[in-house]
Each structure stands twice: as structure tokens, then as C-alpha cells.
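**Student:** Let me give you the structure first, and then I'll get to my questions.
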Amino acid sequence: MHCRPLSPSDDFRPPPYTRDWLAQRLLRQGILPEDANFPRYTHPPERKPVPAAVLVPVVNQPAGPTLLFTQRTAHLHDHAGQISFPGGRVDKGDPDRIATALREAEEETGLSRQCVEIIGRLPDYDILTGFRVTPIVGWVEPPFDLRPDPFEVADVFEVPLEFFLDPVNHQRHDDVFNGRSRHFYSMAYGDRYIWGATAGMLYTLYQILTGRS
């Protein structure tokens, strides 16, 4: 496996991360460039992906916004032990992807949907395991209660949003999995190792909020 860091940004200066600033930036979907040397995975036309959604919870903490993550339990069939945003596959009763993200987040973490204001979304993200995930971005005002589902969630924690918006904290990886080349990002925060689809969504968020690639 080959790993390379992205170039540090000497002029990185954090703006005031307000709810309105984030909502306006999330409208900038068209600025996402494609890197021919590091392409995003896309399901082939003959494959019917499984629809899913995750909630990207931005928590308005006094020291600055954070992102809330879950660490999945080790016995789960899909993505066991990995760090992820709360979410899952679409149920027949979900009217849209927002409903899926809010329902799954409430089931997994106990975060009430009444505490979440939807401020935007990220582009759909295809995963090798067959899912097409829609990331829904929600603004969360403390205080709120969490009651993690012990079957699915081993831990719930927060990381400052600012950490993910400085490219010095991003790593790119080239690997071969089941005979197929794959490219993925990782971001290590202390002893937390965020990689794969979650890191890919974080990189997309970085591109949209900073306008950089």
C-alpha cells in the first residue's frame, strides 16, 4: 500500500464557522474537481446500488463546531469496528434520504431528530460493498442526550471541524483489494483512525467548505 500526505497549507486560516456560513458553502456542489490519478469509485452501470444515508452532525460547541462520529461494534457484518457517521440503508417507510439519516442517527445514538436542523447535503458516495450513501448535514445545538445502541455502537465522540479542513491532516492511499486498485483517504485524530468512505466524505466536505482540492 502506498501512502502520501496532501501538501500542508501555510495560509490556512479558519473562518468563523457559523451555521449560516456552513449552509451557504454547502450550496457549492459544483466546485468538486475530479483527480484522474485518484478517482472516486463509482458503481458500474449494471450494478444496482443499495440506497443509504448518513447524518453528518455538526455540533455547535463553544470552542468551535465539532463533527460527531460513531465507532461501530466489532461483530457487525458491514464495516465492523470502523469509525463512521450515524446512518444506514433506506427503509421502505422513509419518505426521503433526510428521513433515513435522522431515523438511523436516532436509533444508533439516541440523538433526537428534534435537535437537528438540516442545513445541506454532500454528493452521493459510492462504496465498494454495494451502497450508495447520501450524506445529510445537520446542525446540532447542545445540550442534547445520547443513548447509543450497544449492539451497533461501541463509542460516540466528537472531533473539531477545523481539524478536517486543514489538508496537513489528510492522507491519500493507493491499494489493491480483491484484485482491484482502490484509492482512499485517511485522517488520524489522536488514537482515532478515520478512513475509507467516512474519510472520503470528509474530504468532499473539505473541498466544498474551503474551495480547494
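**Student:** Per residue, how much space in cubic angstrom lies within the convex hull of the C-alpha atoms of region 81-173? Before the final figure, lay out each step's value.
**Tutor:** On the way: hull volume 13.1 nm³, N = 93.
So the per-residue hull volume is 141 Å³.
**Student:** Among P65, V133, T109, whose Cα projects farthest towards the positive end of the dipole of region 56-213, with charges put on the beta-carbon of Lys, Arg (+1) and Asp, Glu (-1)?
**Tutor:** Result: V133, furthest along the dipole toward the positive end.
**Student:** Further question on the same structure: Work out from phi, with θ = phi - 60° and the Karplus expression 6.51 cos²θ - 1.76 cosθ + 1.60, the ³J(HN,Hα) of each residue of region 122-137, listed in order in whole Hz, and give x for Gly and Pro.
**Tutor:** With the stated coefficients, region 122-137 comes to 10, x, 4, 10, 7, 10, 3, 6, x, 8, 10, 9, 9, x, 9, 9 Hz.
**Student:** Can you compute the charge dipole magnitude of region 60-213 about its Cα centre, using +1 on each Lys and Arg Cβ and -1 on each Asp and Glu Cβ, nothing else charged? Give it in debye, rounded to the nearest 20. Numbers along the way, then the final one.
**Tutor:** Working: 14 positive and 22 negative charges, 99 e Å.
Dipole about the Cα centre, nearest 20: 480 debye.
**Student:** For every other residue with a beta carbon closer than 14 angstrom to the beta carbon of P45, add +1 if it is Lys or Arg and -1 if Asp or Glu, then tell me the sum.
**Tutor:** Surrounding charge for P45 is +1.
**Student:** Using a 10 Å cut-off around each Cβ, can you sort V137, V153 from fewest to most neighbouring Cβ atoms?
**Tutor:** Going from sparsest to densest Cβ surroundings: V153, V137.
**Student:** For Y185, Y17, what ranking results if the residue with the fewest other Cβ atoms within 10 Å of its Cβ goes first?
**Tutor:** The order, fewest Cβ neighbours first, is Y17, Y185.
**Student:** Given the options P95, F85, P167, identify the residue whose Cα lies farthest towards the positive end of the charge dipole of region 81-213 (+1 on Cβ of Lys, Arg; -1 on Cβ of Asp, Glu).
**Tutor:** So the residue furthest toward the plus end is P167.
Laboratory data are not the source of any read-out in this text; all were calculated from the coordinates shown. These numbers were taken from a predicted model, which means no experiment stands behind them. Cβ atoms come from the backbone with ideal geometry, glycine included; neighbour counts cover every protein chain shown.
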